[in-house]
Number of protein chains: 2
Amino acid sequence: MQFLEDRIRRDGQVRPGNILKVDSFLNHQLDVNLLDQVGKAFYDEFKDCGINRILTIEASGIAIACMTARYFNVPVVFAKKAKSKNIDGDVYTSTVHSFTYGKDYDITLSKKYLGPDDKVLLVDDFLAVGKAMRGLIDVCSQAGATVGGIGIAIEKGFQEGGAYLRSQGYDVCSLAIVDHMTDDGKIYFRDADGSNVR
Amino acid sequence: MQFLEDRIRRDGQVRPGNILKVDSFLNHQLDVNLLDQVGKAFYDEFKDCGINRILTIEASGIAIACMTARYFNVPVVFAKKAKSKNIDGDVYTSTVHSFTYGKDYDITLSKKYLGPDDKVLLVDDFLAVGKAMRGLIDVCSQAGATVGGIGIAIEKGFQEGGAYLRSQGYDVCSLAIVDHMTDDGKIYFRDADGSNVR
């Protein structure tokens, strides 16, 4: 969407290794007005899908999930990346490989907060290889919950996560899809079908 | 405040070791309407303090910080618990001991997002021993930023964090202060000055 593409062009920074830094507004410092627009856009896309729960993964997904949940008026649940003493034993778990941190980690989600009656909107700030999202889908599968849609702020269209999820039949709404980035810092976006590179 | 005390009494669970589980609405599943009330309460308390930034620590603090920032119309910054490849080298760091996880961890915050011109509201879901909050205060001190206030959803009044911070002159607003809990699951609250146990 235009508002997010504009903001990424203005404040995003391209770094070697196809890294796109958006930590001035999306995942370290947070512009809550922008996040509110993100939440509104997800609501406009999925409001007729019977969503009764927003699911994300800590940490930066939490902000987007909360702003989205305000529009749907449903609870957020976030998967945790480490097992705390304070989580009861009865949890769903899935193993996720993080390319950002260069290691595997387990995500856990209490069985109390996801079940067969749930129709879930999965949201996250980034979709690249898609490992985190596949972990969340795995958790939904274990719970017998239905994935009603996937809302992503920024998809790295040159990595395989988005194509894989769409090939599996998931309704993925990425508000900005990066087609490619250049060494001198230019960022090109495209539509979900690969057309209209701009 | 009444709304939060009522909710804790209704949905909180007391566990051995003075653990108060509120993961059905505050730090695993999130009730965004309740979090909105929390944010509004912090705004009512600190709206005349010149706050220009909300600072918290991942992960569960992020939700409260976002809902609070909407009222103040200022950015959120959250300290990260692990050093990611995606964070530039130029960061403030502080070491925090987590009693929940039973280990030390470093928090990091990019120097770009906190400086001498900032007057910061620190927020978090829980205050117990106060190690995380002292880490955030340390980061503010390194940045030359002013701590304009501290907003806490639930303070464990029987642990030393709140008393310590108030003794250091910080303006701590805890919306619910747990005086003590009993083995059969009863939860007693009190005012910040120790009076009016209920």
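The values are calculated or read from the model by the stated rules, or taken from the named source; none is laboratory data. None of the values given here were measured: they were computed from a predicted structure. Neighbour counts run over all protein chains shown; Cβ positions are idealised from the backbone, glycine included. Calculation scope for accessible area: heavy atoms of the full protein, side chains included, ligands and nucleic acids excluded. Shrake-Rupley method; radii C 1.70, N 1.55, O 1.52, S 1.80 Å.
Results, tabulated for the structure shown:
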quantity: Residue count for the stretch A:158-187, restricted to those that are in contact with a Ser or Thr (Cβ under 8 Å, 6 or more places away or on another chain) and either part of a strand (DSSP E or B) or over 20 Å from A:Ala65 (Cβ atoms) (or both); calculated: 0
quantity: Failed item in (1) farther than 30 Å from B:Glu5 by Cβ; (2) modelled with pLDDT of 95 or more, with B:Asp104 passing the rest; calculated: (2)
quantity: Matching entry among B:Asn27, B:Asn52 (being under 30 Å from B:Thr146 (Cβ atoms) and at the interface with chain A (Cβ under 10 Å from one of its Cβ atoms)); calculated: B:Asn27
quantity: Residues located in the stretch B:11-23, provided they are over 19 Å from B:Gly102 (Cβ atoms), open to solvent by 30 Å² or more (accessible area, probe 1.4 Å) and either facing chain A (nearest Cβ under 7 Å) or in contact with a strand residue (DSSP E or B) (Cβ under 7 Å, 6 or more places away or on another chain) (or both); calculated: B:Gln13, B:Val14
quantity: Exclusive hit being more than 22 Å from A:Leu165 (Cα to Cα) and over 17 Å from the mean Cα position of the chain (by Cα), set A:Asp48, A:Asp104, A:Asp90, A:Asp118; calculated: A:Asp90
quantity: Selection count, the stretch A:109-124, where residues are within 13 Å of chain B (Cβ to nearest Cβ) and open to solvent by less than 10 Å² (accessible area, probe 1.4 Å); calculated: 5
quantity: Among (1) charged (D, E, K, R); (2) within 13 Å of chain A (Cβ to nearest Cβ); (3) surrounded by fewer than 17 Cβ atoms within 10 Å (Cβ to Cβ), the one test that B:Lys47 misses; calculated: (2)
quantity: Count of residues meeting criterion [at pLDDT 95 or above and outside any loop (DSSP other than H, G, I, E, B)] in the stretch A:65-91; calculated: 12
quantity: Positions within the stretch A:61-77 being more than 7 Å from chain B (Cβ to nearest Cβ) and either within 16 Å of the chain's Cα centre (by Cα) or not aliphatic (A, V, I, L, M) (or both), in sequence order; calculated: A:Gly61, A:Ile64, A:Ala65, A:Thr68, A:Tyr71, A:Phe72, A:Asn73
quantity: Which numbered condition B:Leu136 misses (of (1) assigned to a strand (DSSP E or B); (2) in contact (Cβ under 8 Å) with a residue 40 or more places away in the chain); calculated: (1)
